[in-house]
1. Using each residue's phi in the stretch 65-74, evaluate 6.51 cos²θ - 1.76 cosθ + 1.60 at θ = phi - 60° and report the 3J(HN,Hα) Karplus result to the nearest Hz, with x for Gly and Pro.
2. Using just the Cα positions, wrap the stretch 136-249 in a convex hull and report its mean projected area in square nanometres, one decimal place.
3. As an exercise, identify the trypsin sites (Lys or Arg not before Pro) in the stretch 1-87 lying in DSSP coil whose Cβ has no more than 16 other Cβ atoms within 10 Å.
4. Once the other residues with Cβ under 15 Å from the Cβ of Met60 are scored (Lys, Arg +1; Asp, Glu -1), what is the net sum?
5. Counting only DSSP beta bridges with both residues in the stretch 45-169, what percent are antiparallel, rounded to the nearest 5?
6. Take the alpha carbon atoms of the stretch 57-74, find their center, do the same for the stretch 125-153, and report the distance between the two centers in whole angstrom.
7. With a Förster radius of 35 Å, plug the Cβ-Cβ distance of Leu67 and Ser93 into 1/(1 + (r/R0)^6) and report the FRET value to the nearest 0.05.
8. Using Cα pairs closer than 8 Å and at least 6 residues apart in sequence, work out the relative contact order for the chain, in percent.
Amino acid sequence: MSDVYTPPKVWTWDQSSGGRFASINRPIAGATKEEDRKVGKHPLQLYSLATPNGVKVTVMLEELLALGHEGAEYDAWLVNIGEGDQFTSGFVSVNPNSKIPALMDHSTETPTRVFESGSILLYLAEKFGAFLPKDLSSRTECMNWLFWQMGSAPYLGGGFGHFYAYAPEKWEYPINRFAMESKRQLDVLDRQLADNKMIAGDEYTIADMAIWAWYGQLVLGRLYEAAEFLDVTSYKNVMRWAKEIDARPAVSRGRMVNRAFGELHTQLHERHDASDFETKTQDKIEAAE
């Protein structure tokens with residue numbers, strides 16, 4: 001970073017500031033276009049994209065269905081954040097922060113909106129009585145790690161991921177700063193998993209789902225093409241845990257939902273029925289056109 005930046009007294013928005021998401025980032029909230037949100041046949045309506053935050057929720061829903069919770073059937077609608085779908089009036093009515101994922105539960109007397117991925121995980125865990133320990137001490141440990149993820153991941157995604165993979169240029173200072181923090185976080189997890197099968201103990205919980213979507217996929221080489229740079233294989237306990245969760249069938253299905261990138265057979269843009277995984281992946285849809 002050779003150029004020295006002197007901040008003005010009052011910041012103003014430069015729309016041409018560059019970066020992969022420059023066309024959709026803005027310093028104001030609210031809808032930019034009127035468009036009703038779609039509503040399907042199931043009580044649970046999910047509006048999302050298969051980013052790490054989106055994957056947390058689709059994994060949870062698929063895990064609930066795998067346990068036999070029929071009330072967890074859901075419609076998943078694709079929100080293409082690259083095209084600004086998160087700024088439609090329908091989406092903003094569910095999440096005023098214009099971030100995926102967002103959930104509407106129509107099974108309640110008045111439909112309940114739930115936004116922020118951690119809040120959705122907790123809502124579903126409490127609604128169905130699953131993947132959240134019952135006793136206070138174990139529940140608190142699970143919540144400790146759920147909130148750890150919510151507070152830590154912005155350094156990995158918005159910090160390291162942005163400057164390593166999405167910024168208009170690669171600058172040494174921010175990459176070093178956030179690589180150091182990302183590796184510190186991986187070490188936190190590695191030490192915790194040295195003495196625990198899962199993040200919060202022996203039980204697989206929403207804390208695992210939340211953390212795996214970010215850090216598990218990172219060490220499995222799925223985020224930012226940075227696995228070698230961060231030397232992820234040195235975190236042996238995280239690698240063991242990440243692979244174990246990755247092997248769960250519900251996790252494999254959850255990764256596919258609202259996925260609009262990658263190999264076509266891994267993309268299920270919308271999910272309305274369990275059979276969609278076999279019949280409506282993008283490779284089958286394009287072959288039929």
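Every number in this text was worked out from the coordinates using simple rules, so none of it is lab data. Only a predicted model underlies this, so the values are computations on that prediction, with no experimental measurement involved. Don't worry about glycine lacking a Cβ; one is built from the backbone with ideal geometry, like all the others, and counts go over all protein chains shown.
1. Per residue, the Karplus-derived 3J(HN,Hα) values read 5, 5, 7, x, 7, 4, x, 8, 4, 8 Hz.
2. 6.9 nm²
3. Passing both the DSSP loop test and the Cβ count: Lys9, Arg20, Lys38, Lys41.
4. -2
5. Percent antiparallel among DSSP bridges in the stretch 45-169 is about 65.
6. Value for the Cα centre distance between the two parts: 17 Å.
7. After rounding to 0.05, the efficiency reads 0.70.
8. After rounding, I find 21 percent.
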